[in-house]
1. Does region 16-32 include one or more residues that are assigned to a helix (DSSP H, G or I), free of Cβ contacts under 8 Å to residues at least 24 places away in the same chain and farther than 17 Å from G143 by Cα?
2. Considering A150, A130, A142, which residue is touching a residue at least 12 places away in the same chain (Cβ under 8 Å), surrounded by fewer than 16 Cβ atoms within 10 Å (Cβ to Cβ) and within 15 Å of the ligand (Cβ to nearest atom)?
3. Which of the residues spanning region 92-118 are near the ligand (Cβ under 9 Å from one of its atoms) and part of a helix (DSSP H, G or I)?
4. Inside region 53-87, can you point out the residues that are in a loop (DSSP other than H, G, I, E, B), small (G, A, S) and closer than 16 Å to E97 by Cα?
Amino acid sequence: MVERQLAARGIRDARVLDAMRKVPREAFVAPGSEEFAYEDGPLPIGHGQTISQPYIVALMIEAVEVRPGERVLEVGTGSGYAAAILAEIAGAVHSIERHAPLAGTARERLAAAGYGSVEVHVGDGTLGWAEAAPYDAILVAAGGPLVPEALKAQLAPGGRLVIPVGDVAAAEGQSLLKITRTGDDRWEQERIAGVRFVPLIGAQGWAEDGSRAA
Ligand code: SAM
């Protein structure tokens, strides 16, 4: 997976490649899906949600430039797989999931795989997790209509936020954006790639019915 799906497609960060070699993806897929764990795509994990494609996980974590010892927040724990990769690199990670049953399963899987340093919270990640802010790196694993102001505000100086933005049903689709905090009231934005993610649902995301909440 690492050589064919990641390195061959341009993922260069050695920390990301090493972490993806170490974390067993089969420990995070739904029971019965283990044989597909290293295939090049997302897989269902229940509640209409997915464990993301390995290449997209690598692309996002490379883009967010996470370093050992940094403060990290993930929004959209899902299976816990990306949180485990982040924990391999950074050490400790806060991750928020809106579906309590998914959060519970992810917590169990992370502990069983040796990633007890990931704290999984249940809640609306569009509001971030103020208790542990500010963060050097924030990764959002679901696509919102815009960049949530709460997440921008929880970035430390020099902090990076990587998030898919846009309407997956629209012709232009979603863009993976990287926002860097360059000053107290200054953020710079760049587009990394076109992507396709499940919706980010919450106060600063989409409403449950697909309309714009924020
Ligand atoms: N990172 C995950 C992994 O490695 O398996 C994949 C995440 S999946 C593509 C997106 C997740 O975001 C879903 O589990 C969904 O329930 C969650 N989600 C959507 N909106 C959310 C919100 N406002 N706060 C927290 N989680 C949210």
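The values are calculated or read from the model by the stated rules, or taken from the named source; none is laboratory data. As the structure is a computational prediction, the values presented were derived from the model and not from experiment. Heads up, the Cβs are rebuilt from the backbone with ideal geometry, glycines too, and the neighbour counts pull from every protein chain shown.
1. Yes - at least one qualifying residue is present in region 16-32.
2. A130
3. L102, A103, A106
4. G76, G78, S79, G80
Every residue, every condition in (1) more than 9 Å from the ligand (Cβ to nearest atom); (2) more than 21 Å from P199 (Cβ to Cβ); (3) modelled with pLDDT of 95 or more; (4) crowded, with 18+ Cβ neighbours inside 10 Å, yes or no:
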| site | (1), (2), (3), (4) |
| --- | --- |
| E39 | yes, yes, no, no |
| P54 | yes, yes, yes, yes |
| A58 | yes, yes, yes, yes |
| V64 | yes, no, yes, yes |
| G69 | yes, yes, yes, no |
| G76 | no, no, yes, yes |
| L86 | yes, yes, yes, yes |
| A90 | yes, yes, yes, yes |
